[in-house]
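Below: the structure, in structure tokens.
The values are calculated or read from the model by the stated rules, or taken from the named source; none is laboratory data. As the structure is a computational prediction, the values presented were derived from the model and not from experiment. Positions of Cβ are backbone-derived with ideal geometry, glycine not excepted, and every protein chain shown enters the neighbour counts. Surface accessibility is based on the protein's heavy atoms, side chains included, excluding ligands, DNA and RNA. Shrake-Rupley method; radii C 1.70, N 1.55, O 1.52, S 1.80 Å.
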Amino acid sequence: MNATASRVLVLNSGSSSVKYQLLDMADRSRLAVGLVERIGEETSRLVHGSPAGGGKREQLGPIADHAEALKAVAAELAADGLGLDSPELAAVGHRVVHGGTRFTEPTLVDDEVLAEIGKLVPLAPLHNPANITGIRVALSLRPDIPQVAVFDTAFHATIPDHAARYAIDAETAAKYSVRRYGFHGTSHAYVSRAAAALLGKAPQEVNVIVLHLGNGASASAVRGGVCVDTSMGLTPLEGLVMGTRSGDLDPAVIFHLARVGGLSVDEIDSLLNKRSGLLGMCGDNDMREVLRRAGEGDEAARTAFATYTYRLRKYIGAYTAALGRVDAVVFTAGVGENSAEVREAAVDGLDALGLVLDPEANSVRSPEPRIVSADRARVAVAVIPTDEELEIAEQSYALVTR
Ligand code: AMP
């Protein structure tokens, strides 16, 4: 690697999209940010922006596959003088959703690692194949540059057995790798560290509950910088109510739907992952729409909001018990960062746990990390914008420069 190389390209390859950012780790600046969506359709769209290129450009028209998408991204970067052939490029950091129990650290990708990520496909059938494709295409474009896999599950690898195990037959669980893995780990890692910084303490000194509330949503309990529990499980389906996922439910609901409703496994999978949560309950998965309708008195939207926020209160209570002492409850991601209403309802009535909001601070909109609890509150409530790309870039850069 070029000794002065300080750029990291972060790639987040989904089944039909690629999100990317080019960061300069010398000053953590963002050199380019973009997205290719609807890959494989006639209506693919590439949006690319960089200060060097003077703003945003959009490209519409069919992009057949991930290889074509990444080539188009490479061309956009090159047009702004940020080409992938630059000696400045130190690494490509890839978000990989499932690392199983094998990958608990950022990992330099080689053939063996790719094969191991492939073996985890049954645990993340929608995500890992797309992640692998992204890595392969990036490798073909720059085989000489280190490709680093950063796993969504990795931060949760420290969860103790009593929180990670499901109470089922041990042999069956082991045979099929059934346990809690947790997801959104890059975000939980970044936000829990940022929370300590906001409190003016070292990560080792604070216990934090992180609520990552985006379209997917998860909670984690972090003791002294180490994750001890999280709400997503074997897959991202468990835990909080999400945009389209149910979160926790009695597993017997599945047997009931199969036996009495005659639904197939795939139909139930799709129901619980894609047509449940806020969308299933009221027909909208965007919290802004749910709030607007609830404000107009729409009963289904009100019930969806109440179910969503009640689940949050339950998890705050559970993780307070898990941690014993809590220094901060932190809200992040699209809903957590932007919705004062959700934050208010999530801590409503939890004064006994030390949670009291400052309504004025809570209503302020800002891109900055901030505390929104009352001065007298025993537990700080904070809003911290997540930055998964920066975290992936940091972890990737640390690996290739150490
Ligand atoms: P993310 O997955 O982190 O990008 O979050 C996406 C979600 O954030 C969307 O589904 C919206 O429901 C939610 N969101 C974005 N802005 C707001 C807002 N101002 N109020 C409530 N929810 C919001």
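Being open to solvent by less than 60 Å² (accessible area, probe 1.4 Å), away from the ligand (no atom under 13 Å from the Cβ), more than 20 Å from Ala217 (Cα to Cα) and polar (S, T, N, Q) is true for just one of Ser246, Ser264, Ser270. Which residue is that?
Ser264
Which one is nearest to Val342 (Cα to Cα), of the residues in segment 258-305 that are small (Gly, Ala, Ser) and within 21 Å of the chain's Cα centre (by Cα)?
Once the filter is applied, the top-ranked residue is Gly277.
Which residues, taken from segment 380-402, are under 29 Å from Gly317 (Cβ atoms), without any contact (Cβ under 8 Å) to a residue 60 or more places away in the chain and surrounded by fewer than 22 Cβ atoms within 10 Å (Cβ to Cβ)?
If the condition is that a residue be under 29 Å from Gly317 (Cβ atoms), without any contact (Cβ under 8 Å) to a residue 60 or more places away in the chain and surrounded by fewer than 22 Cβ atoms within 10 Å (Cβ to Cβ), then Pro385 is the only one that fits.
Any residue at all in segment 345-363 that is modelled with pLDDT of 95 or more, small (Gly, Ala, Ser), crowded, with 19+ Cβ neighbours inside 10 Å and assigned to a strand (DSSP E or B)?
The answer is no; no qualifying residue exists.
Can you tell me which condition Gly277 does not meet? The list is (1) within 12 Å of the ligand (Cβ to nearest atom); (2) over 22 Å from Phe331 (Cα atoms), and all the others hold.
If we test Gly277 against (1) within 12 Å of the ligand (Cβ to nearest atom); (2) over 22 Å from Phe331 (Cα atoms), just (2) comes out false.
Only one residue in Ala374, Ala333 is in contact with a strand residue (DSSP E or B) (Cβ under 6 Å, 6 or more places away or on another chain) and modelled with pLDDT of 95 or more. Which one?
Ala333
Taking the stated definitions as given, is Arg292 surrounded by fewer than 17 Cβ atoms within 10 Å (Cβ to Cβ), within 16 Å of the ligand (Cβ to nearest atom) and farther than 18 Å from Pro385 by Cα?
When the stated conditions are applied, Arg292 passes them.
Can you tell me which condition Met232 does not meet? The list is (1) over 19 Å from Pro122 (Cβ atoms); (2) modelled with pLDDT of 95 or more; (3) within 16 Å of the ligand (Cβ to nearest atom), and all the others hold.
(1)
Give segment 301-342 a look and list any residue that's at positive phi and open to solvent by 40 Å² or more (accessible area, probe 1.4 Å), or say none.
Gly324
Which of the following residues is among the β-branched types (Val, Ile, Thr) and out of contact with any helix residue (DSSP H, G or I) (no Cβ under 9 Å at 6 or more places or on another chain): Thr153, Thr172?
Thr172
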